[in-house]
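To keep things clear, I will list the structure first and then write my remarks on it.
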Amino acid sequence: MWSGPRNISTAMMRAWGNRNDTVVVDEPFYAYYLRATGRQHPGAAEVIATGETDWRKVVERLIGPIPNGKRIFFQKQMTHHLLHEVDRKWLAAVTNCFLIRDPREVINSYIKKREDPAVEDLGFVQQAEIFDFVRMRMNAVPPVVDAKDVLQNPERILRLLCEATGLEFRESMLSWPPGLRDTDGIWARHWYGEVANTTSFQLYHPRHHELPESFREVYARCRDCYDRLYEYRLH
């Protein structure tokens, strides 16, 4: 599942991770991305030191046997971690889904953590590129879900997502125990404070904060990419 940052991607990972037939992996390209870009994220040195920084080895893991004898391998992926040097051919070996969120909400959330994100940090451009690649390669429109729709009606959207991926829906996806997980990335303590306190998808609350003027151009570029995928969302 391809998402940008400051979305409900970790909650979505919780939903799938609460199925007894599923194993999850949390942002497997993150260490590679940090080492390749030099981005100064919280705990970056620790992420690099403990993670896999060779993207080829990451890919081998993602398309190899599903760990722990499970039937489903849910891969929580950040679109901006898939740098241009990473060969895209492996995407044909997995089922690709896309989790989108209104860029106004993403930007307002992101700048609370890091003050000056560039377009490349927000993942929308990369998400559209990956979507186009998958769509052309598979000659079919991959499943797209919008965060707002998920929060407003989790069961309906998860049922639609399961149907679109050829899987049966399970009630266990709608709630989960609180706390962090062994399957969470080592960065969880920096980023997952809110989701660690949840036991289900949280009720959607509209946010009407105005964007700082300096982000108008960034927002416009992100909005174009978001609107392209929004057209295909399951609802």
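Accessible surface area normalised per residue over the stretch 75-170 is 44 Å², counting heavy atoms of protein chains with a 1.4 Å rolling probe. Between the stretch 45-123 and the stretch 6-40, how far is it from one alpha carbon centroid to the other, in angstrom? So the two Cα centres are separated by 6 Å. Close Lys pairs in the stretch 63-125 (alpha-carbon distance under 27 Å; sequence gap of 8 or more, or different chains): 4.
Helix-only mean residue ellipticity at 222 nm, the chain, DSSP H runs n ≥ 4 weighted -39,500 (n - 2.57), per residue, nearest 500. What is it?
-11500 deg cm²/dmol
Share of carbon and sulfur in the accessible area of the chain stands at 48%, probe radius 1.4 Å.
Can you tell me what percent of all Cα-Cα pairs in the stretch 1-128 are more than 24 Å apart? Here the tail beyond 24 Å accounts for 28 percent of pairs.
The values are calculated or read from the model by the stated rules, or taken from the named source; none is laboratory data. Please read all numbers here as calculations on a predicted model, not as lab measurements. Just the protein is used for accessible areas: all its heavy atoms, side chains included, with ligands, DNA and RNA removed. Shrake-Rupley method; radii C 1.70, N 1.55, O 1.52, S 1.80 Å.
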